[in-house]
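Just below is one structure, and these are the notes that go with it.
The values are calculated or read from the model by the stated rules, or taken from the named source; none is laboratory data. Bear in mind the structure is a predicted one, so any value in this text is a computation, not a measurement. For neighbour counting, all protein chains shown are included, and Cβ atoms are generated from backbone atoms with ideal geometry for every residue, glycine included. Please note that ligands, DNA and RNA were not included when accessible areas were found on the heavy atoms of the full protein model with its side chains. Shrake-Rupley method; radii C 1.70, N 1.55, O 1.52, S 1.80 Å.
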Amino acid sequence: KTPPLSLSSSSSSSSSSSSRKNGIDIVLGGQWGDEGKGKLVDILSQEYDVCARVAGGSNAGHTIVVNNTKYKFHLLPSGMLNPHATCVIGNGVVVHLPSFLNEIDSLLQHKGFEDAEQRILLSDRAHLVFDFHQHVDGRLEARLGRNKLGTTKKGIGPAYASKAQRNGLRVGDLQDWPYFESRFRSLCQHHVRAHAGLEIDVEQQLAFYKSIADRVGKMTTDTIPYINHAFETNKRILVEGANATMLDIDFGTYPFVTSSNPSVGSVLTGLGVSPTKLRGIYGTVKAYCTRVGEGPFPTELDVQDEASPGYHMKTIGAEYGTTTGRGRRCGWLDIPQMKYSSQINGFTCLNLTKLDVLTGLDTIYVGKAYRDGDGNILEHMPANLRTLEGVTVEYEALPGWKEDISTVKTFEDLPPQAQAYVLRVQELIGVPIRWIGVGPNRLDVIDRGEGWDLNHS
């Protein structure tokens, strides 16, 4: 029999990791992505020496508003906004170099980022996403028809497939041109044979990559000794997670998932560090729940009906994807999902975002349990999607609030109903909520600080 969800690992990791003087801190998504990880990373990164990405590719996206200027990050860590931080793209990331360079060029247009390129380190082991990977991604999605996965069509899955098939190319290969050219031609032939009608202008592509080889080479390095040396010399290191646990290819709602592991394990495999170096594991969760693309969503609400709380969440929360622009599906906060995510990642504390979006709702619900067709409570997250789609959610109702909370700076100054909501969510998940997002700007966050736990909240 599968044991019930237990959060004991989260509690123990909190006490042991917090006492460590130095270590790698991690911001991870606890739901289906778009939780607001980048905003917390932006706030935290001002105190860190190194900010890193470890998995995924340009399918991720963070939008940060600074002095009314919007910055959109896809491959670059949003820690780029700290002018003193070195930003690392780890070996677990797949990199589409045209998009990567465009993102850098866009950043260079803003005042204060003139040295941005000198602060970026790109792992020589990171695999490359090519344009034909993106074409194949779109073709495979179209072929699925009504059973589509909801991919971003950024070529991430096909690039990871090339990595697994061991015929892919890595960033460092670009510095050995004869080797790169030979491998590239072979990879193109493989894809043309595998996908009827696919056309690749091989010579044009090779000319492009030859033209950027020097520029990319100046950013390319072996990031494994770099990051471990940074740890050993007491540099402060922050990992910016992409996507989220429920999109994890192993732990998420497979097959409606991404092609990597955006849970805590990817920090080890995508950066090249040991688990003993990890310290704070910060789970990010919206005060409600959203999802882009296909797949089951137990607490989903109607986002079309103007009278629905789902419509309120989508419009007030501006729920549109940074990378795709697609409207997000919205629903109530899913506690079984968050317990599962906490169990996998061992969150030491939580970042609860967009609490302000719930302002104005008379009653707020949280989904606190799943029941199967026989009315039995499910004690674990089902792997079978038909089981998950068939669950009935048991809700708990909490009173809403009407007051504007966007300028609130302390937990005690929140309306009593908002405080009660935060504390109840914290109790149900079993992990302390440290940060609370109360508005769209980068500093609209309450920090409850360190040194307290569930027994003293």
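Please specify each residue of region 299-319 satisfying the condition of being more than 22 Å from THR245 (Cα to Cα), out of contact with any strand residue (DSSP E or B) (no Cβ under 6 Å at 6 or more places or on another chain) and either of a type outside the set (Ser, Thr, Tyr) or open to solvent by 20 Å² or more (accessible area, probe 1.4 Å) (or both). Passing the criteria: ASP302, GLN304, ASP305, GLU306, ALA307, PRO309, TYR311, HIS312, THR315, ILE316, ALA318.
Select from region 71-91 the residues that are open to solvent by less than 10 Å² (accessible area, probe 1.4 Å) and of a type in the set (A, V, I, L, M) and write down the one among them that is farthest from SER259 (Cα to Cα).
Applying the first criterion (open to solvent by less than 10 Å² (accessible area, probe 1.4 Å)) to region 71-91 yields 73, 75-80, 82, 85, 87-90.
Right, trim to of a type in the set (A, V, I, L, M) and you get 75-76, 80, 85, 88-89.
Numbers: LEU75: 15, LEU76: 19, MET80: 25, ALA85: 28, VAL88: 21, ILE89: 17 Å.
By that ranking, first place goes to ALA85.
Of all residues in region 375-392, those being loosely packed, with under 15 Cβ neighbours inside 10 Å, not in a loop (DSSP other than H, G, I, E, B) and not polar (S, T, N, Q) number 4.
Residues satisfying the criterion are present in region 127-134 (criterion: open to solvent by 20 Å² or more (accessible area, probe 1.4 Å) and either in contact with a Phe, Trp or Tyr (Cβ under 6 Å, 6 or more places away or on another chain) or closer than 22 Å to VAL292 by Cα (or both)). Would it be correct to say that TYR254 is closer than 30 Å to ALA164 by Cα and surrounded by fewer than 22 Cβ atoms within 10 Å (Cβ to Cβ)? Yes, satisfied. Being more than 19 Å from the chain's Cα centre (by Cα), small (Gly, Ala, Ser), modelled with pLDDT of 95 or more and part of a loop (DSSP other than H, G, I, E, B): is that true of GLY360 here? The answer is yes for GLY360.
Which residue out of ALA213, ALA196, ALA230, ALA207 is closer than 17 Å to HIS135 by Cβ and either open to solvent by less than 60 Å² (accessible area, probe 1.4 Å) or out of contact with any Ser or Thr (no Cβ under 8 Å at 6 or more places or on another chain) (or both)? Exactly one residue qualifies, and that residue is ALA196. Among the candidates ASP105, ASP49, ASP25, the residue that is open to solvent by 10 Å² or more (accessible area, probe 1.4 Å), farther than 16 Å from MET219 by Cβ, charged (D, E, K, R) and at pLDDT 90 or above is uniquely ASP49. Within region 265-298, the residues that satisfy the criterion of being among the hydrophobic types (A, V, I, L, M, F, W, C), more than 27 Å from ALA418 (Cα to Cα) and surrounded by 24 or more Cβ atoms within 10 Å (Cβ to Cβ) are VAL267, LEU271. Taken over region 114-126, the criterion of being part of a strand (DSSP E or B) and open to solvent by less than 10 Å² (accessible area, probe 1.4 Å) is satisfied by ILE120, LEU122, SER123. If only residues of region 182-193 that are of a type outside the set (A, V, I, L, M, F, W, C) and surrounded by fewer than 16 Cβ atoms within 10 Å (Cβ to Cβ) are counted, the one that is nearest to the chain's Cα centre (by Cα) is HIS190. State whether the residues of region 203-223 include one that is of a type in the set (Gly, Ala, Ser) and under 28 Å from the mean Cα position of the chain (by Cα). Yes, there is a match, as at least one residue in region 203-223 is of a type in the set (Gly, Ala, Ser) and under 28 Å from the mean Cα position of the chain (by Cα). Inspection of region 435-449 identifies no residue that is surrounded by fewer than 18 Cβ atoms within 10 Å (Cβ to Cβ), over 27 Å from the mean Cα position of the chain (by Cα) and either at pLDDT 95 or above or not aliphatic (A, V, I, L, M) (or both).
What number of residues within region 53-70 satisfy the criterion of being farther than 24 Å from GLY138 by Cα and either surrounded by 23 or more Cβ atoms within 10 Å (Cβ to Cβ) or at pLDDT 80 or above (or both)? Here the count works out to 2.
For region 357-397, give me the residue count where each residue is among the hydroxyl-bearing types (Ser, Thr, Tyr) and touching a Leu at 6+ places or on another chain (Cβ under 9 Å). Lay out the reasoning, then the answer.
Within region 357-397, the first condition is being among the hydroxyl-bearing types (Ser, Thr, Tyr), and the residues that meet it are 359, 363, 365, 370, 387, 392, 395.
When the remaining residues are screened for being touching a Leu at 6+ places or on another chain (Cβ under 9 Å), the result is 363, 365, 370, 387.
Qualifying residue count, region 357-397: 4.
In region 320-340, the qualifying residues are those that are crowded, with 17+ Cβ neighbours inside 10 Å and among the small types (Gly, Ala, Ser), and the one that is farthest from ASN59 (Cα to Cα) is GLY331.
Every residue, every condition in (1) at pLDDT below 95; (2) in contact with a Phe, Trp or Tyr (Cβ under 7 Å, 6 or more places away or on another chain); (3) under 21 Å from GLY90 (Cβ atoms), yes or no:
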position: GLY197; (1), (2), (3): yes, no, no
position: GLN204; (1), (2), (3): no, no, no
position: ASP222; (1), (2), (3): no, no, yes
position: ALA242; (1), (2), (3): yes, no, yes
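Residues in region 346-365 that are over 21 Å from ILE281 (Cβ atoms) and in contact with a Ser or Thr (Cβ under 7 Å, 6 or more places away or on another chain): ASP356 only.
Kindly establish whether VAL94 is touching a Leu at 6+ places or on another chain (Cβ under 6 Å) and surrounded by 15 or more Cβ atoms within 10 Å (Cβ to Cβ). Here the answer is no, as VAL94 does not meet what is asked.
Figure legend. Inter-residue proximity from region 192-213: first residues in contact (Cβ under 8 Å) with a residue 40 or more places away in the chain, second residues open to solvent by 40 Å² or more (accessible area, probe 1.4 Å) and of a type in the set (D, E, K, R), beta-carbon distance below 9 Å, spacing 6+ or different chains. Indicated pairs: HIS195/ARG139; LEU198/ARG139; ILE200/ASP131; GLN205/ASP131; TYR209/GLU181. Number of residues in region 393-427 that are under 20 Å from ASP447 (Cα atoms), in contact with a strand residue (DSSP E or B) (Cβ under 7 Å, 6 or more places away or on another chain), open to solvent by less than 40 Å² (accessible area, probe 1.4 Å) and aliphatic (A, V, I, L, M): the value is 3.
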